[in-house]
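Here's the structure, in structure tokens; my notes come after.
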Amino acid sequence: MGTYAIAILAGDGIGPEVIEQAVRVLQAVADRYGHIFTLTEALVGVAAIDAEGDAISDATMELCQRSDAILFGAVGGSPRFEGPDSKIQPERALFRLRKDLALYANLRPIRPFKALLNASTIKAEILQGTDLLVVRELTGGIYYGKPSEIRETPQGCDAIDTLIYSEAEIERIVRTSFELARDRRKKVTSVDKANVLSSSRLWRRVADRVATNYPEIALEHLLVDSCAMHLIRRPTSFDVIVTENMFGDILTDEASMLAGSMGMLPSASLGVRRTDHGLFGLYEPIHGSAPDIAGQEKANPIAAILSAALMLRYSFNLKQEADAIEAAVERIVEAGYRTEDLREAGKEVVGTKEMGRLIAETIRG
Ligand code: IPM
Ligand code: MG
């Protein structure tokens, strides 16, 4: 039994409605296992821009720093801030949290539930047995490299983005992936574009060097275009995939389809800071704000709920409780309940709240 401080940043679009269900599930865990989760809500994204003048305020950053973990919904998706000339971006909240809190390792596990094998666009026989973990570098690369701007020239505009990685940045994320592979099937696939990019050639060199410290782990290199193909051709051949920021962003949207829907995929963003309970981290569904379905009871809360499970596992060392959430989700999906994104003939489609309630009640037992 313990007391854990969680910052709740629900954000925009479907963020608040899926986080509400994740909180409900956390409450069920608290009741069943006798923990106390102290939840403090704060604004991020569009709501924060309107009320506080920035996508995330200094006060909210401080709240996050004081917390044991952050549960994050989604930001962005408002046409007011989407234009190419928009000065302020809701996404800045995420970028600042990731960078300022040094959350360089983004873990995105993909293990399709048996009951959902037919919900995927990929054939069930290809999916069967898939269990992979993408480790995405989150605080470097082209997301943060400077310069990044549009420049006016006499011939029209030029635009530049900068893809830069230091050896140290590559080394720590590759190490993280090898450490994680140790407790899994002991295989790391390092993904790059070494036939084109200098940053990828350095990436490969560093990955090879790190691998010499882990003789029990098999390292393979794959070019990102080839990886995109193999992910849907032979997904079961992957164990841990480690890659740079933007490749990881793209590959995980693709890989989410293995699980049937983006609405199923949780993520954990970790650094090195430790709290009294474990590793400090930020937990968020990978799906984003989906403004087109917000407020209609169509959003799938499972990615947010599974993100809460990752929080219990990585930040609070509550393994049994994390397992209980994951088992409850699997049970409800196996019982035939689906949200709109997983609509299937013969299955019962329920709303966001009802899905959260079913999972919470299963945990309460
Ligand atoms: C993700 C998202 C973000 C990213 C967006 C919202 C900026 O797509 O977490 O995968 O690109 O990192
Ligand atoms: Mg993404």
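The rows are residues; the columns are (1) in contact with a strand residue (DSSP E or B) (Cβ under 9 Å, 6 or more places away or on another chain); (2) crowded, with 16+ Cβ neighbours inside 10 Å.
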| site | (1), (2) |
| --- | --- |
| Ile164 | yes, no |
| Glu169 | yes, yes |
| Asp183 | no, no |
| Lys187 | yes, yes |
| Ser199 | yes, yes |
| Ala207 | yes, yes |
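Only a single item in (1) in a helix (DSSP H, G or I); (2) more than 15 Å from ligand 2 (Cβ to nearest atom); (3) among the acidic types (Asp, Glu) is not met by Asp249, and it is number (2). The condition (being of a type outside the set (D, E, K, R) and either within 16 Å of ligand 2 (Cβ to nearest atom) or at pLDDT below 95 (or both)) is satisfied by just one residue among Ile164, Ile88, Ile173: Ile88.
Condition test on Gly73, is it at positive phi, touching a helix residue (DSSP H, G or I) at 6+ places or on another chain (Cβ under 8 Å) and at pLDDT 95 or above? Answer is no for this residue. If Cys227 satisfies all but one of (1) part of a helix (DSSP H, G or I); (2) out of contact with any strand residue (DSSP E or B) (no Cβ under 9 Å at 6 or more places or on another chain), what's the number of the condition it fails? Checking Cys227 against (1) part of a helix (DSSP H, G or I); (2) out of contact with any strand residue (DSSP E or B) (no Cβ under 9 Å at 6 or more places or on another chain), the one that fails is (2).
Here Met229 does not qualify as over 23 Å from Tyr104 (Cα atoms), within 16 Å of ligand 1 (Cβ to nearest atom) and aliphatic (A, V, I, L, M).
Considering only residues in the stretch 307-324 that are of a type in the set (Gly, Ala, Ser) and out of contact with any His (no Cβ under 7 Å at 6 or more places or on another chain), the one that is surrounded by the most Cβ atoms within 10 Å (Cβ to Cβ) turns out to be Ala308. The listed residues are Ala345, Ala327, and the only one of them that is under 21 Å from the mean Cα position of the chain (by Cα), farther than 18 Å from Met262 by Cα and loosely packed, with under 15 Cβ neighbours inside 10 Å turns out to be Ala327.
The values are calculated or read from the model by the stated rules, or taken from the named source; none is laboratory data. The structure displayed is predicted, hence computed values, not measured ones. Backbone-built Cβ (ideal geometry, glycine too); neighbour counts: all protein chains shown.
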